[in-house]
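Here the structure comes first, spelled out in structure tokens, and everything after it is commentary.
The values are calculated or read from the model by the stated rules, or taken from the named source; none is laboratory data. The structure displayed is predicted, hence computed values, not measured ones. These area figures cover heavy atoms from the full protein model, side chains too; ligands, DNA and RNA do not enter into them. Shrake-Rupley method; radii C 1.70, N 1.55, O 1.52, S 1.80 Å.
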Amino acid sequence: MLTDEQIRMLIANDIKMWSSLNQPMVDWATAISRSDFKTGILSNIPFEIADVFKEIDWVKGFTHNTWSCYLRLAKPDPAIYHHVVDALQVRPEEVLFLDDRQENVLSAEAVGLQGILFRDVHQLQDELKVRGLTEILPPLKAEHTVFTPAL
């Protein structure tokens with residue numbers, strides 16, 4: 001049994017852990033949003049973290065954000081990817097989905113999204129180049145390569 005104070009501390013620590021930013025990814029996502037591409041976050045974070053994140057300025061810059069806790073769905077359920085496609089008003093094949101979990105990427109690909117398993121910025125740069133996406137997307141700069149899990 002945990003006390004109310006222990007639960008509050010666990011939530012605060014969880015928020016702190018998820019608040020560690022991979023700044024090159026944030027900068028890249030912001031640049032993509034400013035380039036008239038539709039962007040979004042699809043995250044399985046819980047209510048307590050989603051309530052904090054949805055108020056962060058750079059997060060508000062995305063076209064649409066899906067917090068699974070509000071939908072009572074979670075990755076890798078195919079229904080959540082369909083929700084994102086509908087919310088963005090795009091075709092599934094027009095979505096580039098990045099995630100640090102293979103099962104989520106595979107599930108997204110199964111419903112028609114393009115998926116990339118994210119490990120670090122250098123690996124992502126290489127994958128974008130192989131797919132010919134560096135020609136149309138803003139450059140991804142890899143000054144800092146600390147791994148931060150995808151939200």
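Eigenvalues of the alpha-carbon gyration tensor of segment 2-71, scaled by 5 and square-rooted, set the equivalent ellipsoid semi-axes at 27, 13, 8 angstrom, largest first.
For segment 26-151, what D do you get in µm² per second when you plug the Kirkwood radius from alpha-carbon pairs into Stokes-Einstein at 25 °C and 0.890 mPa s? Estimated via Stokes-Einstein, D reaches 163 µm²/s. Straight-line reach from Lys54: taking Cα to Cα under 17 Å and skipping same-chain neighbours fewer than 8 places apart, the aspartates and glutamates in range are Asp14.
Taking a straight line from the alpha carbon of Lys129, these lysines sit under 16 Å away, with near neighbours fewer than eight places off in the same chain left out: Lys141. What a 1.4 Å probe finds exposed on segment 58-151 is 54% carbon and sulfur by accessible area, rounded to a whole percent. Applied to segment 31-40, the Karplus parametrisation 6.51 cos²θ - 1.76 cosθ + 1.60 on θ = phi - 60° returns per-residue 3J(HN,Hα) values of 5, 5, 4, 6, 8, 6, 8, 7, 10, x Hz, with x for Gly and Pro.
Straight-line cross-link reach from Lys16 at under 13 Å between alpha-carbon atoms covers these aspartates and glutamates, not counting any fewer than eight positions away in the same chain: Glu48.
Looking at the chain, the DSSP beta bridges with both ends there are about 0 percent antiparallel. Result for the chain in a Gaussian network model with C-alpha springs under 10 Å: among Ala31, Ala108, Ala74, the largest mean-square fluctuation is at Ala31.
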